[in-house]
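The values are calculated or read from the model by the stated rules, or taken from the named source; none is laboratory data. Bear in mind that the values here come from a model prediction, so they are computed numbers and not experimental data. In this analysis, Cβ positions are derived from the backbone assuming ideal geometry, glycine residues included, and neighbour counts consider all displayed protein chains.
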Amino acid sequence: MKNRLRLFAPLLVALFFVAPRLSAQTAAPAKSASAAKPHVRAITAFINLDRSQYQLQIAETAKFLGYAQTVFESRGYTVETLRIVTQPFPEYTKGLSTDDALRFFKDLDGLAEQYKVRLAIGPAYLAGDDGDAQAKLLAAILQYTRHIFGSVVVTNESGINWPAVRAAAGVMKKLSEATEHSEGNFRFAANANVPPYAAFFPGAYHTGSGHQFSIGLASAGLITAAAGDAPDLAAARRQIVNTFFNAAFDVEDLAQRVDREQGWTYMGLDLSPAPSADASIAAAVETISKQPFGSSGTMTAVGAITSALKDIGARRTGYSGLMLPVLEDPLLAERWNQGRVSLDALLSYSSVCATGLDTIPLPGDTTVDDLARIIGDVATLSVKWSKPLSARLLPVAGKHAGDMTEFTDPYLVNAMIRPLPGKE
């Protein structure tokens, strides 16, 4: 009997450590030593900012993020951005005049530049009765800073918060008129049912204790590679699950190492396969559908990718679904320019994926009423299906349908401005 126990002991130990990592839906595939690693789009730290010691907090958080970056890069990962997220900014601007608040955030912006981090200051309209005033303050903050991101929450426990929808539209219109090339709206979003601890901006926020972090991936290329030789939809989905299972748990292992060594709590991984200049999510969709993005079959491919990601049993946070940002994906921007994909089509795809309407270029004469109607559509879809969606709309002052945008941010692709639905 003792000999039998000695024989099976290694197997029992292995099962003890591996079993908690397996999804109920997904068996662990064999790992490939040569498997490509996705880029880490963001290592995002969450802090409770204190105005009496914010310089020290930002410095200490930047040091933590630098440590986490070193850990990931030592294992062959490319880390694109380091990010800091605070609690909702109205909580730490109480008692400040508008001028004093702007001076404070300009100083924060300078610290973000000094430490080479991006900073999200959480949402206006999360709670309280002064949401409209806070939304106007947020517009001014984003107007006079370069590295700060923010949002307006347009849903609540009762459903759609229509005053917040209107306030978010007002912020978008203000930033389109008051920032160079109307780029300020790249740093702003209207959030609908977006949970805390998302790694991706602009909608990231938290309401907890702070001293936490999450990870977001730029993994669109991983989907293209995984599904490239699949003979059919079922095989493509299976290969995506296998590929992301290994990728997700490799990332999670490193994140948990950082958790243990630094004492910052790991909140999870946003599995959303964010695109980049050289890795298109539209290309991944076309690999599966065998058709140009926007053709029949696009919805099916988008849904297949999203459902595959949901089968990954890693600790997830944020959207963890397919992202379709027109101005961050060269091929998607090309399909937009060709007229193959429209604002309404992207909204319909959001019913089976994540994000909502992301980086959509709009004519400069788009009104607050127009913007509010679009945001309202996103919020309605979000409430209907109880899913996180957001609207990041970029009306460009002085530009009309048929003009090209002239954005300078390295993460943005320039594309044609198309007329609003119904105004062709």
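Yes or no: the stretch 325-332 includes at least one residue that is more than 23 Å from G184 (Cα to Cα) and at pLDDT 95 or above.
So the first thing to find is which residues in the stretch 325-332 are more than 23 Å from G184 (Cα to Cα), and the list is 331.
Of the ones still in play, those that are also at pLDDT 95 or above are 331.
Checked the stretch 325-332: at least one residue is more than 23 Å from G184 (Cα to Cα) and at pLDDT 95 or above.
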| Among the residues of the stretch 304-324, is there at least one that is surrounded by fewer than 17 Cβ atoms within 10 Å (Cβ to Cβ), more than 30 Å from Q57 (Cβ to Cβ), among the aliphatic types (A, V, I, L, M) and modelled with pLDDT under 95? | no
| note | Among (1) surrounded by fewer than 20 Cβ atoms within 10 Å (Cβ to Cβ); (2) over 21 Å from L142 (Cα atoms); (3) of a type outside the set (S, T, Y), A415 falls short only on (1)
| Number of positions in the stretch 38-95 that are outside any helix (DSSP H, G or I) and touching a residue at least 24 places away in the same chain (Cβ under 8 Å) | 30
| Only listed residue being under 21 Å from G422 (Cβ atoms), free of Cβ contacts under 8 Å to residues at least 40 places away in the same chain, surrounded by 17 or more Cβ atoms within 10 Å (Cβ to Cβ) and touching a Leu at 6+ places or on another chain (Cβ under 8 Å), chosen from I375, I360 | I360
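With the structure loaded, tell me whether G402 is surrounded by fewer than 20 Cβ atoms within 10 Å (Cβ to Cβ), in a loop (DSSP other than H, G, I, E, B) and at pLDDT 95 or above or whether it fails that test. Walk me through it before giving the result.
Numbers: surrounded by fewer than 20 Cβ atoms within 10 Å (Cβ to Cβ): yes; in a loop (DSSP other than H, G, I, E, B): yes; at pLDDT 95 or above: yes.
Here the answer is yes, as G402 does meet what is asked.
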| remark: Subset of the stretch 255-291, residues over 20 Å from D358 (Cβ atoms) and outside any helix (DSSP H, G or I), comes to G263, W264, T265, Y266, M267, G268, K290, Q291
| Considering the stretch 203-217 alone, what residues qualify as being surrounded by fewer than 19 Cβ atoms within 10 Å (Cβ to Cβ), among the hydroxyl-bearing types (S, T, Y) and more than 17 Å from F64 (Cα to Cα)? | T207
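Does Q239 meet the test of being at pLDDT 90 or above, closer than 16 Å to L269 by Cβ and not charged (D, E, K, R)?
Values: at pLDDT 90 or above: yes; closer than 16 Å to L269 by Cβ: no; not charged (D, E, K, R): yes.
Considered against the rule, which asks whether it is at pLDDT 90 or above, closer than 16 Å to L269 by Cβ and not charged (D, E, K, R), Q239 comes out as no.
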| task | Scan the stretch 166-188 for residues that are more than 21 Å from the chain's Cα centre (by Cα) and of a type in the set (D, E, K, R) and jot them down. | result | R166, K173, K174, E177, E180
| Does the stretch 142-181 hold any residues that are out of contact with any strand residue (DSSP E or B) (no Cβ under 9 Å at 6 or more places or on another chain) and of a type in the set (S, T, N, Q), and which are they? | Q143, N156, S158, T179
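Answer yes or no as to whether D409 is under 26 Å from P123 (Cα atoms), among the acidic types (D, E) and either without any contact (Cβ under 8 Å) to a residue 60 or more places away in the chain or part of a strand (DSSP E or B) (or both).
Numbers: under 26 Å from P123 (Cα atoms): yes; among the acidic types (D, E): yes; either without any contact (Cβ under 8 Å) to a residue 60 or more places away in the chain or part of a strand (DSSP E or B) (or both): no.
Taking the combined requirement at face value, the residue does not satisfy it.
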| task | Filter the stretch 138-188 for residues that are over 24 Å from L96 (Cβ atoms), surrounded by 24 or more Cβ atoms within 10 Å (Cβ to Cβ) and small (G, A, S) and give the result. | result | A169, S176, S182
